[in-house]
1. Among the residues of the range A:139-148, is any over 30 Å from residue A:338 (Cα atoms), in a loop (DSSP other than H, G, I, E, B) and acidic (Asp, Glu)?
2. Only one of these is in a helix (DSSP H, G or I), touching a residue at least 12 places away in the same chain (Cβ under 8 Å), touching a Lys or Arg at 6+ places or on another chain (Cβ under 8 Å) and over 17 Å from residue A:71 (Cα atoms): A:129, A:163. Name it.
3. If the Cβ limit is 8 Å and pairs must be 6+ apart or interchain, which residue in the range A:418-431 that is free of Cβ contacts under 8 Å to residues at least 24 places away in the same chain pairs with which residue that is surrounded by 18 or more Cβ atoms within 10 Å (Cβ to Cβ)?
4. Quickly run through the range A:268-287 and pick out the residues that are more than 17 Å from residue A:324 (Cβ to Cβ), more than 8 Å from chain B (Cβ to nearest Cβ) and surrounded by fewer than 20 Cβ atoms within 10 Å (Cβ to Cβ).
5. Exactly one of these conditions fails for residue A:151: (1) loosely packed, with under 14 Cβ neighbours inside 10 Å; (2) more than 11 Å from chain B (Cβ to nearest Cβ); (3) not in a helix (DSSP H, G or I). Give me its number.
6. Could you identify the single residue in B:270, B:258, B:334 that is surrounded by 13 or more Cβ atoms within 10 Å (Cβ to Cβ) and of a type outside the set (S, T, N, Q)?
7. For the range A:311-390, give me every one of the helices (runs of 4 or more DSSP H) that falls completely inside it and has 3 or more residues that are surrounded by fewer than 22 Cβ atoms within 10 Å (Cβ to Cβ), modelled with pLDDT of 85 or more and small (Gly, Ala, Ser).
8. Go through the range A:396-488 and tell me which helices (runs of 4 or more DSSP H), entirely inside it, have 2 or more residues that are modelled with pLDDT of 95 or more and over 25 Å from the mean Cα position of the chain (by Cα).
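The values are calculated or read from the model by the stated rules, or taken from the named source; none is laboratory data. Keep in mind that what you see is a predicted model, and the values were worked out from it rather than measured. Glycine also receives a Cβ, built like all others from the backbone with ideal geometry; neighbour counts cover every protein chain displayed.
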Amino acid sequence: MISEQRLLTVLNEEFGFSSFREGQLETIKAVLNNHDTLAVLPTGGGKSLLYQLPGYLLPGSILIVSPLISLMQDQVDRLHRSGEKRVLMINGQLTGKSRRQALSKLSTFKFIFTSPESLANPEIIGALKMIKISLFVVDEAHCISQWGPDFRPEYLLLSSVRKRLDLPTTLLLTATATPEVRQDVIQKMGLQAEAVTQVIRSVNRSNICYAVKRFLSTNEKESYLIELVNELAGAGIIYFASRKLATQFAEELNEKTNKVVAAYHAGIPSLERYRIQQQFMDNQIQLICATSAFGMGIDKGDIRFVIHFHQPANLESYVQEVGRAGRDGKLSLALLLYCPGDEQIQRTLNYIDLPDSNLLDAVSKKQQPVNVLGDNQELFTFYLQHGYNGKMIFNTFEKRQKNIDNHLRWMARYVNNTKICRREMILNYFGEQLKETPAPCCDVTEPELIDKFKHEPQQNSEPLPGVSELNWQARLYQLFNINNNKEN
Amino acid sequence: MNYLLRFFDEHQPRRIRVIENTLRNRRTVSTLFWAKQYGILGWTGADRSLNREKFDQLLENLVQDNLIKIDSDGQAVLTTPGILKQEELKSEEYQPQFLDWYWLANTNRVERRLLLGVQVVSELTYHNRHYAPLTNEYQELQLVKRWLFNCRQNIIKQLTDELKIFGSSLANADERLANYFFYSLIGHQTAGENILQLSKQLGISTDQMPVVKQDALLAVAAFANSYRGGALNQLLADLLTETPLSYSANQTLMLYQRGQTIEQIAKRRRIKANTVREHLLETAIVYPTAINWDQLLPGEIRQQLAKHYQGDVSKWQFKPEIVPGDQAAFYYFRLYQLYREKQDD
Ligand SMILES: [Zn+2]
């Protein structure tokens, strides 16, 4: 049993913090006592600490399963920056000789990141079985739930993976989960609800203010956005429903506003994403145009506003995405722009053409080719390969469709609402009560809310150097610290 | 304007899939042949991250703007506004200068390796160990670590000197290219400039930036290739290929140059005779100086073909009944096209 004092010392020595954030200590103590734990802690950073700190106290390695390569990359980057080099990322890119090399030295890595897909690989599981896994972490654990907004079928395999690894202590992490989703996650992991320590904190972030603006047309929405971006103070993110729009708006806003803007989504090459991330962290870029579908692991403390140009599919995603704002605790804005037809975009993005159960069975018996299943054949074959029959798949997806509709109805209520406090609506959705209304809170309680986030006029960003000012030699010297070397 | 407009012509109908496959480095003999006909062989592998969806979207934009027309066979020509637009763009378009090296390396891999190497050395010069490398790929990290270890002692000076020489040669070709290259590098407390920033600073539209990038990376590959034993050469060596030919085609060529017949090569290499012919065609297209035409295309076959085929080779129709060689007829037909084209140059 490790004392609280010892934990605080480690926190200070390894991370430079003097106190734990809400829920961190409770979670860390639970896993150090070998309790399987579900932690639902609000977005606001400090998540990696929950497994990193135990990593320094436990023997063996920490295995972290992460749903998106970009998120994984970000966690790995963060460990690197903190000076931790015993980090390995096992994913589809690690192949051939270098994979064999890495797997043969697996025990030398303290933190092993991987994807659910990689855990389906026998060679990788075989290597993991050879080493001591002292903690099995599932990041973004709501993905395990069929009712979770980001449900991915590969996650259903994690429960059997856990068994094959001899049931290591398990830590399930998520920022948003309704009671229904929590229960589903625990069950899908093959855990007993009574035996799991649940550390649940409110999703409420009192420094984030909520607002919705409704428009009659996209054009109106667009010109409002340009005007607003010019006036808003500080750094921000705008979410779009497609990569193409995110890219187009990044160029347009760059031209028409005083902010330096860049697009950031899965279609941007990874080196360019690295640059943009760093520049955003350093405030050389003040505004990012992103897609909702792309998990962005940017942990920038002073994001002052998150705007949704298109609504997300559900309130979970909305809360997750606006949760990137105000991690420094200062007042921040979550603004949703709406015009008629927007909900249709989400409906289209989430639409799955569901084949009839007989057809699914016929494919399963190889009486029909797989491609009769249409665009989502991989999804359906996944279920077929894992013991689902046509009827079960059909029912699962029918339920899923109802669930999506239900989520969209909630979004519509949120958007159309002009009377109830928006914070209260969100908390009610997650099964919580609003205890105390912060001031300011939302545009319902305070109609002039958005004005609070505008800056004084004539605040200009520094202009970029022009062609004539570029000097490649000087840049080379700066890269290799050449003047400094001469002085030494 | 997207940079695809430059690949079309007013007179010569061009197969859009050939253009796509060329940019994406899908090197079939047919693609290589037509790419050569269109004068775009140097663009092979210039945009490896391009996918079908994106390519079709870009072409669709050109069609919608009435700049090109695509017929039902997937061949496109410039429209009159297209001709004018292409003319207009010529002055502002970036003109690449290093495309002859297209075969030398996969520029995506060169970029990642080079930038990682520069980043690691840059952080070293600032004595910083706490930073996030620009890639987490295990293999790349290991390779760069080994490179650093092998030439540790004077790596900083060696790399700086080489980059100075390289920078000057880039600036000689085009000052913008040198600036592009150095301002896109990542190092200590600098992530380089992003595409929008570079585009603005260099006065080159964002659509043209992939072309600038490809040019700069081929240039650095060529430099590393020629500067044997240098720091850049050691960093990139395993990414550089020896010849424009694929490995297998090169094996075939070596045997052929030793005087072996197609059948002998096929038997020895345990491949089909047709594959050997494909290899020889590939050679005739991408590495014509390695070809002895009298050996490859005997005089009598040439004379027979000359009776039926004259003029613009890209308009010739293959007619099996008039071309000699039975199963090899198409092979002779293609070779003769390449032969005539070479004579006409
Ligand atoms: Zn309120």
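1. Checked the range A:139-148: at least one residue is over 30 Å from residue A:338 (Cα atoms), in a loop (DSSP other than H, G, I, E, B) and acidic (Asp, Glu).
2. Values: A:163 fails: touching a Lys or Arg at 6+ places or on another chain (Cβ under 8 Å).
On inspection, the qualifying residue turns out to be A:129.
3. Once the first residue is free of Cβ contacts under 8 Å to residues at least 24 places away in the same chain and sits in the range A:418-431, its partners that are surrounded by 18 or more Cβ atoms within 10 Å (Cβ to Cβ) give A:425/A:414.
4. Matches in the range A:268-287: none.
5. (1)
6. Numbers: B:270 fails: surrounded by 13 or more Cβ atoms within 10 Å (Cβ to Cβ); B:258 fails: surrounded by 13 or more Cβ atoms within 10 Å (Cβ to Cβ).
Among B:270, B:258, B:334, only B:334 is surrounded by 13 or more Cβ atoms within 10 Å (Cβ to Cβ) and of a type outside the set (S, T, N, Q).
7. Working: elements: A:315-322, A:342-350, A:357-364, A:377-385.
Fully inside the range A:311-390 and qualifying: A:357-364.
8. Numbers: elements: A:422-429, A:472-479, A:482-487.
Output list reads A:472-479.
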